[in-house]
1. Counting Lys and Arg as +1 and Asp and Glu as -1, each charge on the Cβ, what is the dipole of chain A about the Cα centre in debye, to the nearest 20?
2. Would you mind computing Rg(Cα) / (2.2 N^0.38 Å) for chain A, counting N as its residues?
3. Do you know the relative contact order of the stretch A:199-306, to the nearest whole percent, from alpha carbon pairs under 8 angstrom that are 6+ apart?
4. Can you find, among A:SER14, A:ILE38, A:GLN86, the residue farthest towards the positive end of the dipole of the stretch A:1-88? Put +1 on the C-beta of Lys and Arg, -1 on that of Asp and Glu.
5. So what's the back-of-envelope 222 nm ellipticity for chain A, counting only DSSP H runs of four-plus at -39500 (n - 2.57) apiece and dividing by all residues, rounded to 500?
6. With 19 Å as the limit, write out which pairs from A:LYS319/B:LYS92; A:LYS6/A:LYS48; A:LYS275/A:LYS313; A:LYS175/A:LYS275; A:LYS48/A:LYS84; A:LYS206/B:LYS92 have Cα-Cα distances beyond it, or answer none.
7. Count the DSSP beta bridges whose two residues both fall in the protein assembly as shown, then state the antiparallel fraction as a percent rounded to the nearest 5.
8. Just rank B:CYS54, A:CYS94, fewest to most, by other beta-carbon atoms within 10 angstrom.
Amino acid sequence: MSDKPKIAFYWCASCGGCEESIVDLAEDILEVAQAVDIVFWPVAMDFKRKDVEAMPDGAILATLVNGSIRTSEQEEMAHLLRRKSQILIAYGSCAHTGGVPSLANQFTREEILRYVYEEAPSVVNENRVRPQPRHGHNGTAVTLPEFRGLVRSLDQVVEVDYYLPGCPPTPKLLKQAVLTLLSGNLPPKGTVLAPDTAQCDQCPRKETKPVDLKITEFKRPHWTQIDPEKCFLAQGIICMGPATRSGCEAQCIRGNMPCTGCFGPTTRVRDQGAKILSALASSVNAREPEDIEKIMDGIVDPVGTFYRYSLAKSLLRAKVTR
Amino acid sequence: MEDRPVSDKLSTSVQWEPIIVAFFCNWCTYTAADLAGVARMGYDPNVRVIRVMCSGRVDPQFVLDAFAHGADGVLIGGCHPGDCHYVEGNYKTLRRYHLLRRLLRDLGIEEQRLRLEWIAASEGEKVSKTINEMVEQVRALGPLRLSRRFKEWDAELASLEAEAQSEEVVAHV
């Protein structure tokens, strides 16, 4: 194999969208492929875990891991790739802050398994069979990974060097990140490789945001005729922009949908959900408890809306009484 | 915001005592607490008072962080509606409080663990009454002990690391 720097990609609990975003580099992928050797990429190339195990520690320049960590196998792979890589990058919302899968942290393992294997309307499972970590079959033991009690971000399992945020990250940010890695001029460890300003700062509708939002009603986007020019919050539609990092080039907003927060918080914010809660609540135009309650009732699912991509990395991490 | 074991130690002592973190507004509730002290009104020693310039300064992150580091309850004290030194601060607090209580409930933290009270500078007695009441309520709810729970949740990670190491040993034999 050539002495070009080695890069690896891996996926854990994810939907495949992050893999898609790598392919979305389009012709630029040739530029990347010319500069590096891709030594491991299960979704696209035929290398196996044993190939990674055979490499000396630190042999890979950088590994980009997408997906959150739910199973023992994902944990093992995270540890293995950490050991083999000089730089480990959490790629995408799930690896960065837990992502949509970490909304499952509102339920116990038992509740999840019971629903999926017994109660879901499309399930037929009369004997209530559940997957077991170990099972004897014709004298051979077969195994499955352990399903952990919590969904975790990558950095809750192994040390992470950099983060590429987004659901998924944009090809532009990925290309920039790879070029930065190759330049050797590395940012401080722990850096999120995207601008450190709030989404509102780069929003094309910035000028239409009033100083005082005076929200009198929260409307759901699918029940609303949305003005394509006006600030979503000024229309009473929840937009995560004030509590979300920029860098996505306002793709959803340009598609006339509010920001849902996939880029996570900026460095000044520890808990994205608490921050948007603070911003929204303070902008509600009511002073009496009954009026406040009435307006707040328009927010149907605060946890799912405010922590859509970040429950695992929130201060409470999960529903604490699961 | 590292895990501070101090609170954990307190809440695991033989006789559990609730820990209440109280954010008091400089202009009213904090002054009232001062008045309570000067007037020698007793109140339960379970409260840890943090002075803020306005109840509106209490970022919901502060409340979650207090719980995450071992608080069993959080009390916010501000000026009566209309009396805010900064005109609007306490109204913002009131709105955040309503939404935050709902969020906490959805995440498994009982609503009684978060309390908002308007206490004017002259109401020393109300400080003492509110604190005593809240300590009793939280005592009845029992310990929250989140910092300890987080450690228990992560015990499953340690088990894997041990297993992976032993498997590696076997593989290399």
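1. Values: 38 positive and 39 negative charges, 112 e Å.
Approximately 540 debye in magnitude.
2. Details: Rg = 21.8 Å, N = 322, 2.2 N^0.38 = 19.7 Å.
The reported ratio for this selection is 1.10.
3. 29
4. Going by the charge dipole, the pick is A:GLN86.
5. -7000 deg cm²/dmol
6. Going by Cα-Cα distance, A:LYS319/B:LYS92; A:LYS175/A:LYS275; A:LYS206/B:LYS92 fall outside the 19 Å limit.
7. Rounded to the nearest five, the antiparallel share is 20 percent.
8. B:CYS54, A:CYS94
Read the figures in this text as sums done on the coordinates, not as results from a lab. Remember, it's a predicted structure, so these values are computed and weren't measured experimentally. Note: ideal-geometry Cβ built from the backbone for every residue, glycine included; neighbour counts use all protein chains shown.
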